[in-house]
Amino acid sequence: MLKIENLHANVEGKEILKGINLDVKPGEVHAIMGPNGSGKSTLASVIAGNEDFEITEGSVLLEGEELNELAPEERAHKGVFLSFQYPVEIPGVTVTNFLKTAINETRKAKGLEEMPANEMLKKIREKSELLEIDRKFLSRSLNEGFSGGEKKRNEIFQMAMLEPKLAILDETDSGLDIDALKIVANGVNRLKNDENAVVVITHYQRLLDYIVPDFVHVLLNGKIVKSGGKELALELEEKGYDWIKQEATV
Amino acid sequence: MAYTEEELKKELETKEYEYGFYTDIESETFPVGLNEEIVKAISLKKGEPSWMTEWRLEAYRAWTEMEEPEWANVTYKKPDFQAISYYSAPKKKPQYDSLDEVDPELLDTFKKLGISLEEQKKLAGVAVDVVMDSVSVATTFKKTLAEKGIIFCSISEAIKEHPELVKKYIGSVVPKKDNFYAALNSAVFSDGSFCYIPKGVRCPMELSTYFRINQAGTGQFERTLVIADEGSYVSYLEGCTAPMRDENQLHAAVVELVALDDAEIKYSTVQNWFPGDKEGKGGVFNFVTKRGLCETNAKISWTQVETGSAVTWKYPSCILKGDNSVGEFYSIAVTNNYQQADTGTKMIHLGKNTKSTIISKGISAGRSQNSYRGLVQINSRAANARNFSQCDSLLMGNQCGAHTFPYIEAKNKTAQIEHEATTSKIGEDQIFYCNQRGIDTEKAIALIVNGFSKEVLNKLPMEFAVEAQKLLEISLEGSVG
Amino acid sequence: MELKDKLVSSFMAFEDTVDVNLPVHEVRSKAIKDFENLGFPSKKLESWKYTSLSKLLKSDYSVFPKNESSLEFKEVKKYFIHEIDSYKIVFIDGIYSSHLSETSHEGLDVCLMSAALSKPKYKIIIDNYFNKIAKTDGLTALNTAFSREGAFINIPRGKVVEKPIQILHFSTGNESSLLLQPRNLIVVGENAHVQIIERHQSLTDNPVLTNSVTEIFANKRAIVDYYKIQNDRQSASLIDNTFISQQQNSHALVHTFSLGGNVTRNNLQFFHKGEYLDSTLKGVTIIGDKQHVDHSTLVHHATPNCESHQDYKGIYADRSTGVFNGQIIVEKEAQKTNGFQQNNNILIDDTATINAKPQLEIFADDVKCSHGCTIGQLDDEAMFYLKSRGIPEKEARALLMYAFANNVLESVKIPEVKQRINKLIAMKLGVNLGFDL
């Protein structure tokens, strides 16, 4: 599904990612953990194609196709979805209108007709129930005045609507209380199948109680320094990152 | 690679005026220039009664004493008023009962504009009074309206058929000496629309007029008069497109609205006259006086979407004379390339408990200058007057300007006035967010601009909202729409 | 004779009293020509739409006071912020009073414009700064033509002036009507800090018209904290023209308290010459009778990454008129500008008028600019609440009005100035608020 080979990336001339290798297969859930400033969010942005970051070496491949030179929307059309850590506000654009545009633009890129209105409505109803989203919420302006929890739930709702192949959840747990966390995790688990993959980026192990990863990677100073199973997350929770830092320097 | 801002800018610049075409209909045109003889000739040509001729002459004499206004934040080459022909009409003045009799070339023009008369008649329930180069050539739905006692015709016809109404109200809201362009219009107006809604009648359909400027070198001087008698309601739509022309064309219309006690007038405009090309060559000069008078409990609501014209100078206003009367102004003004717009409103509070709302959205791109100029005036006797104004500007690129000039004058202690203005740009993070969801930059901008303009778009009648959204996209995004 | 003609013709008499060989005299000669061309501003000018000078200009003003007057400190003590140690530059009928003043040349110059214009050691400063940012409108040109006296303050680089500087102008009524034209120049060096308090005070009912011009230069990282206290008699009018030029990282704050006087016009203009600087303009206006106060502000953002904050509150009673004419210009180069402007007004009587014209002129796209303007009255519910707690109507109103103006006072850095303003406001509102303001 996703293959990252020796990825180096800069922001404003400063190297943040220093040779990342990652292989995510369909049906897998990978967690990427690490302390603040280790490059976790940069990795998410680079995969999604944010032009503030420059790839200096290596490549990002989705189902064998290199993404490096593709525009963000082209990546999205191919099935890359990023749940933003800080979703932006777009005043005056309702959640529904935004989603309609996103879905139809993606369909257009694939040479498909626009989704019929009744099908769209049915899908919106179905997915909003899954994420326990109130109807009124759908006619509000995108992310404007949303609480932290609402923003994150809205991100996962969009993911449910767009049905991506690869979903990257960037700090989706931050700002969520335990009930909202369960709803979001439940949503992600229900959407999970053998054809798609999820990369969970997080600082804490908390979310991983609910979205159980197959693999856990520790990112430190722009490199993956340790990989393991879900038990690695528990170990990190217990012992913090210091022992990894020591291990890495040795 | 993603769509860069540079590419977008380039595309915006090269976007040609979609509706730039010219209908070759034989026209009868007066010699250029203006003097009392021309004014008399216009009046004679139209078979007007002598009181109308005299009225025009008074306006003309006043105009000769006046100077062109300079205060607006626009610069342009002043029109040579002696180089304009003040009358042009299709040679064969047609009287049609059905569209089949209409000049096929004219119908073809409307098709290009996307205005199908038949469709409009059948689907939208809109009666269309088409004004083609100053003279009304087709009027529809008259019968349905006549049953309710509603008069909807050309102003020339009204002068002849309903002189008592015209005499009473013409110049009552915009006096013939009001300003330079209003005086000029009063002297030489060629045609326009007239509408009267009798007491207690709710007009069953949206009334609509499409204006076009056609004949080369012909000034367009429309005159519109809408009277809503006590307790009546009317929604009036005005839409404009003009063919592409090299020389600047002058448009100086006057619109007067009279809302008597408990009446309501909703006046909506979509204006996309030729804005000039990407070098700023050509385009329409739009110097319009629009004003409405509200008697007790009356309401006038102006909604406008302005994407066209090279230079716009326009302030649809409300005189809130009666107690409890309400004035509203909702506006979207888009400028691109070298366009200049100085537009806004005046809310004059004279009566008690009067209320006004102003929502203005300005979008500037290219090398354009977009100004909001508004006046909120609370007279000393206007107890408990309320005003809320919000003026938001969106800038696209670093070659354009957005300006806000609100004038607030209060002479009553119970007045409550709130004015807010903001200036912003489209954030790169907003674009990236949209991109990540599969929406390309161009579409993302359209989406964000639509969101920005939403409060105003929502005020448009359905028939217009779609066209207005399309216009916004055309004016700003090139390929979309 | 019209005042304009009188002034133009008295320029020759003026030349007899000054050294015409100084380079500054060329500036004056040019200015009198500018004034001759421009004259006094009329209401036809957009920037003077709401303020008329025509009545004021009818008086037959003396341009040069005939005799020197003296005042004892105890007569005028209450007009000083006397609770604190300060430098003082005091003028009586336009003439320097060494008796009341306390100037300095130790580590800084707090002295007279007349000295600065004539002494060779100040030549370089005069050459570089004098009349460099003052606009050439009619009134400023008039002041420049007759520029001779005023305050000259020169703070060298790195100097933090430890006590405030007070500039006071008294008029005694020795003339039947008097035109004063003080000219101030304030140059604040890199990293230097200064606090200045300015006041114009008439002691008589004879008409006085002051046309003051102040140029302020804030160099890199300088901090200029300026307070204008305007609480003059009904017979006195003031046209204050203040121009401020700011370099990189400097902060300039001007507070204007307009509490009295006949016609007061404050032209306050900020020009940005460097990045990351900050301009603050605040004002409280509380007037009644037939008083007229006009705040015309301009912040000209010409450089990136700068901020400006404007906050003006006004309370208008009787037949008074308030004008707020606030302008923010953001040039194409001034990306990342943050410009904010707020103007709130309360009308107490139906005979009072407020005219507001908050303008934004923006030519750069990556900016955050906003303005807000409100006109309203005291909150009925709040009034009721206070009254239900036993506070009488008059005090309740005063309390609410005080609260309305208060956030402008919060940024006043000299406690004694804050106290004085509080007292003046309480007097103005006609109450003893009974708590320590």
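Remarks
- Look at the stretch A:49-61: the mean tally of other chain Cβ atoms within 10 Å of its residues' Cβ atoms is 2.
- Karplus (6.51, -1.76, 1.60) ³J(HN,Hα), θ = phi - 60°, over the stretch B:425-439, in Hz, Gly and Pro reported as x: 10, 7, x, 4, 5, 5, 4, 4, 4, 5, 3, 5, 8, x, 9
- Positive-pole candidate from A:118, A:96, A:142, dipole of the stretch A:2-249, charges at beta carbon: A:118
- Rounded to the nearest 500, the 222 nm mean residue ellipticity of the protein assembly as shown from helices alone is -8000 deg cm²/dmol, with -39,500 (n - 2.57) taken per DSSP H run of at least 4 residues.
- Shielding by partners, peptide B:387-396 (average Cβ within 10 angstrom, other chains): 2
- In a DSSP loop and with at most 16 other Cβ atoms within 10 Å, the trypsin sites (Lys or Arg not before Pro) in the stretch C:357-437 are C:389, C:413.
- Where only C-alpha atoms are counted, convex hull volume of chain C per residue in Å³: 141
- Total buried accessible area between B and C, probe 1.4 Å, nearest 100: 2800 Å².
- Each Cα pair of the stretch C:31-184 feeds into the Kirkwood radius, which the Stokes-Einstein equation turns, at 25 °C and 0.890 mPa s, into a diffusion coefficient of 140 µm²/s.
- Residues of the stretch C:137-172 with amide N under 12 Å of a point placed 7 Å along Cα→Cβ from residue C:118: C:148-149
- Here the gap between residue A:11 and residue A:66, fully extended at 0.36 nm per residue and compared with their Cα-Cα distance, gives a gain of 17.7 nm.
- Whole-Hz ³J(HN,Hα) from phi, Karplus 6.51 cos²θ - 1.76 cosθ + 1.60, for the stretch B:166-182, glycine and proline x: 5, 4, 5, 9, 5, x, 7, 9, 10, x, 5, 9, 3, 7, 3, 6, 5
- Taken per residue, the accessible surface of chain A reaches 45 Å², heavy atoms only and a 1.4 Å probe.
- Under the Debye formula (equal points on every Cα, no solvent term), log10 I(q)/I(0) of the stretch C:378-437 at q = 0.19, 0.24, 0.29 Å⁻¹: -0.69, -0.98, -1.22
- Placing +1 on each Lys and Arg Cβ and -1 on each Asp and Glu Cβ, with no other charges, gives the protein assembly as shown a dipole about its Cα centre of roughly 2920 debye.
- Gaussian network model of chain A, Cα within-10 Å springs - most flexible of A:25, A:110, A:152: A:110
- Here the gap between residue C:332 and residue C:136, fully extended at 0.36 nm per residue and compared with their Cα-Cα distance, gives a gain of 68.2 nm.
- When each of C:43/C:313; A:108/B:361; A:40/A:110; C:282/C:357 is checked by Cα-Cα distance, pairs over 20 Å: C:43/C:313; A:108/B:361; A:40/A:110
- The stretch B:425-478: GluC sites (Glu not before Pro) falling in loop per DSSP and having at most 13 other Cβ within 10 Å: none
- Interchain or long-range residues, amide H under 5 Å from residue B:268's placed H: B:236, B:237, B:238, B:303
- DSSP beta bridges in the stretch C:3-274 [antiparallel fraction, %, rounded to 5]: 10
- Across the stretch C:346-361, computed HN-Hα scalar couplings (Karplus, 6.51 cos²θ - 1.76 cosθ + 1.60, θ = phi - 60°) run 10, 9, 8, 10, 5, 8, 8, 9, 10, 10, 10, 9, x, 10, 10, 10 Hz from first to last residue, x flagging Gly and Pro.
- In a reduced charge model with +1 at each Lys and Arg Cβ and -1 at each Asp and Glu Cβ, the stretch B:254-361 shows a dipole moment near 200 debye about its Cα centre.
- Take the Cβ atoms of residue B:161 and residue B:70, set R0 to 35 Å, and the FRET efficiency comes out at 0.30.
- Exposure rank, largest accessible area first [A:243, B:302; 1.4 Å]: A:243, B:302
- Spin-label model distance (nm) - residue C:9 vs residue B:41, 7 Å beyond Cα toward Cβ: 5.6
- Gaussian network model of chain A, Cα within-10 Å springs - most flexible of A:48, A:109, A:167: A:109
- Spin-label model distance (nm) - residue C:74 vs residue C:177, 7 Å beyond Cα toward Cβ: 3.6
- Computed label-point distance, nm, for sites residue A:195 and residue C:104 using a 7 Å Cα→Cβ extension: 8.1
- Among the chymotrypsin sites (Phe, Trp or Tyr not before Pro) found in the stretch C:374-437, those both in a DSSP coil and sparsely packed, with 11 or fewer other Cβ atoms within 10 Å of their Cβ, are C:435.
- Once you reduce the stretch B:384-460 and the stretch B:318-369 to the center of their Cα atoms, the two points are 13 Å from each other.
- The stretch C:11-43 versus the stretch C:82-112: alpha-carbon centroid distance in Å: 27
- Taken over the alpha carbons of the stretch C:273-350 as equal point scatterers, the Debye sum produces base-10 log I(q)/I(0) values at 0.13, 0.17 Å⁻¹ of -0.46, -0.66.
- Hydrodynamic radius (Kirkwood) for the stretch A:2-249, which is based on Cα pairs only, to one decimal in Å: 18.6
- Summarising the strand pairing of chain A, around 60 percent of its internal DSSP beta bridges are antiparallel.
- Taking amide H positions as modeled 1.01 Å from N, with prolines and chain starts lacking one, the residues under 5 Å from residue C:198 and 5 or more places away or on another chain are C:167, C:227, C:228, C:229.
- Each part gets one Cα centre, and for the stretch C:345-386 versus the stretch C:221-241 those centres are 22 Å apart.
- Length gained when the stretch residue C:66-residue C:388 is fully extended (0.36 nm per residue, less Cα-Cα span): 110.0 nm
- With a 10 Å cut-off around each Cβ of A:84-91, the average count of Cβ atoms from other chains is 5.
- Over 55 Å [Cα-Cα, the protein assembly as shown], rounded percent: 33
- Two-decimal ratio, the stretch B:290-330, of alpha-carbon radius of gyration to 2.2 N^0.38 Å: 1.36
The values are calculated or read from the model by the stated rules, or taken from the named source; none is laboratory data. From a predicted model like this one, the values you see are computed outputs, not experimental measurements. Here the Cβ is made from the backbone with ideal geometry for all residues, glycine too, and neighbour counts use every protein chain on show. For the accessible areas, the whole protein counts, side chains as well, though only heavy atoms, and no ligand, DNA or RNA atoms are used. Shrake-Rupley method; radii C 1.70, N 1.55, O 1.52, S 1.80 Å.
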